[in-house]
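The values are calculated or read from the model by the stated rules, or taken from the named source; none is laboratory data. Note that the structure is predicted; figures quoted are calculated from it, not measured. Neighbour counts run over all protein chains shown; Cβ positions are idealised from the backbone, glycine included. When the accessible area is computed, the model is the full protein with side chains, heavy atoms only, and any ligands, DNA or RNA have been set aside. Shrake-Rupley method; radii C 1.70, N 1.55, O 1.52, S 1.80 Å.
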Amino acid sequence: MTGPQPRPSVAAMPAYVAGKPAPADAFKLSSNENPYPPLPGVLEAAVTAAASMNRYPDMGNTALYAALAEMYDVPVADLAVATGSTGLIYGLLSAFCEPGDEVVYAWRSFEAYPIAVLAAGATSVQVPNTADGRHDLDALAAAIGPRTKVVLLCSPNNPTGPALTQTEVDGFLSRVPDDVLVVLDEAYIEFVRIDDPVDGIATYRRHDNVAVLRTFSKAYGLAGFRVGYSIAPAPIAAALRGVTLPFGVNLVAQAAAVASLEARPELEERVEALVAERTRVVEAVRAAGWRVPDAQGNFVWLPVEADRIAAFVEAAEAAGITVRPLGSDGVRVSIGEPEGNDRLIKIAGSFR
């Protein structure tokens, strides 16, 4: 080819693989989606906003910023929104990394991390998880070098499931240079049920180099609208807003997000129901002999042997559920409708 060539890092970039769609008679447990319909008032707000689709959305995200600022008691200047937490990750790496800079993160973790690093022209430094799927914070701290610009912490970790404690994060941050940005990716924070959980907002208040990422895609059930938000010290938030695509969060998504924040009681009920289903699934799968890491998201991680992953995926599809294989490491399965979860439990019991 003699025409224009992309950067070598872009040419080497792996494609992001989305969860496999499910046939009409199957359950989609491959994308960590919320199985519930929109929260009360959200659909009505979205339909009303859609009537103005001939107009650009509010570029300042005024109503959404105001609602988030009130909910978390933070300044609007410390907020940024984008197309899901993934969009925020791309933006932060673009804002803070130059070619040759390093981004340190655990692996396996969120599949978009290595892609976003390459998109920014930076270099990944992947640190293996512990045997039980947790971040190895000592190894992550040791991996920080003179070219490190960003460290990504995923809590709960997608796809393995464990969440970090506040004590762990505090100890880690004490070992990170002040000029290294630490991103606390909390896409599944609403589902965490552990002692001493990370309080991302309190952590950001105490550190000038911490950015917290959250999303409306998971607990709130707005995956189809793509709305994520960051809470970070004002200079970091300003840099993120500066590189974020203008009008990226559309007007319907903004309205749906604001309405979702107003439905907190119903949200909490649904989250508790999903947590109860998660507990039921984990207990049943462990009883069948599987070594399931601590599950703190809306999914479970099955460390299927590499040479049996394809067979497990086929067995799941034959039983009417789609799951998410990830490389040769294992299979992630979302917590969905009880009937779909029952099918997973049945497969787990017969696939040993």
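Volume per residue for the stretch 62-186 equals 118 cubic angstrom (convex hull of Cα atoms). Only Cα pairs under 8 Å and 6+ residues apart enter the sum, and on that basis the relative contact order of the chain stands at 25 percent. Remark: the stretch 12-150 carries 47 Å² of accessible area per residue (probe radius 1.4 Å; ligands, DNA and RNA excluded). Think of each Lys and Arg Cβ as +1 and each Asp and Glu Cβ as -1; about the Cα centre, that makes the dipole of the stretch 232-272 roughly 340 debye.
Sorting the Cα pairs of the stretch 1-109 by distance into bins of 5 Å, from 0 upward, gives 2, 7, 9, 14, 16, 16, 16, 12, 7, 2, 1, 0 percent per bin.
Got a number for carbon plus sulfur as a percent of the chain's accessible area, 1.4 Å probe? Percent of accessible area from carbon and sulfur atoms in the chain: 56. Largest to smallest in accessible area, the residues PHE216, PHE110, PHE247 fall in the order PHE247, PHE110, PHE216 (1.4 Å probe, all protein chains included). With the charge dipole of the stretch 95-205 set up from +1 on Lys and Arg Cβ and -1 on Asp and Glu Cβ about the Cα centre, the Cα lying farthest toward the positive end among the listed residues VAL151, GLY133, GLY121 is that of GLY121.
Residue order by solvent-accessible surface for ARG214, ARG286 is ARG286, ARG214, largest first, with ligands and nucleic acids left out and a 1.4 Å probe. Pair-distance distribution P(r) for the chain, from all Cα-Cα distances in 20 Å bins starting at 0: 30, 59, 11 percent. Scaling against 2.2 N^0.38 Å puts the C-alpha radius of gyration of the stretch 219-276 at 1.37.
Per residue, the stretch 257-352 exposes 42 Å² of solvent-accessible protein surface, assessed with a 1.4 angstrom probe and all protein chains in place. With all protein chains in place and ligands, DNA and RNA left out, the 1.4 Å accessible area ranks LYS149, LYS218 as LYS149, LYS218, largest first.
Here is how the number arises for the chain: DSSP H runs of 4 or more residues each give -39500 (n - 2.57), the sum is divided by the residue count, and the result at 222 nm is -11500 deg cm²/dmol.
Scattering from the stretch 198-352 was approximated by placing one identical point on each alpha carbon and applying the Debye formula without solvent; log10 I(q)/I(0) at 0.09, 0.12, 0.15, 0.17 1/Å stands at -0.42, -0.70, -0.95, -1.06.
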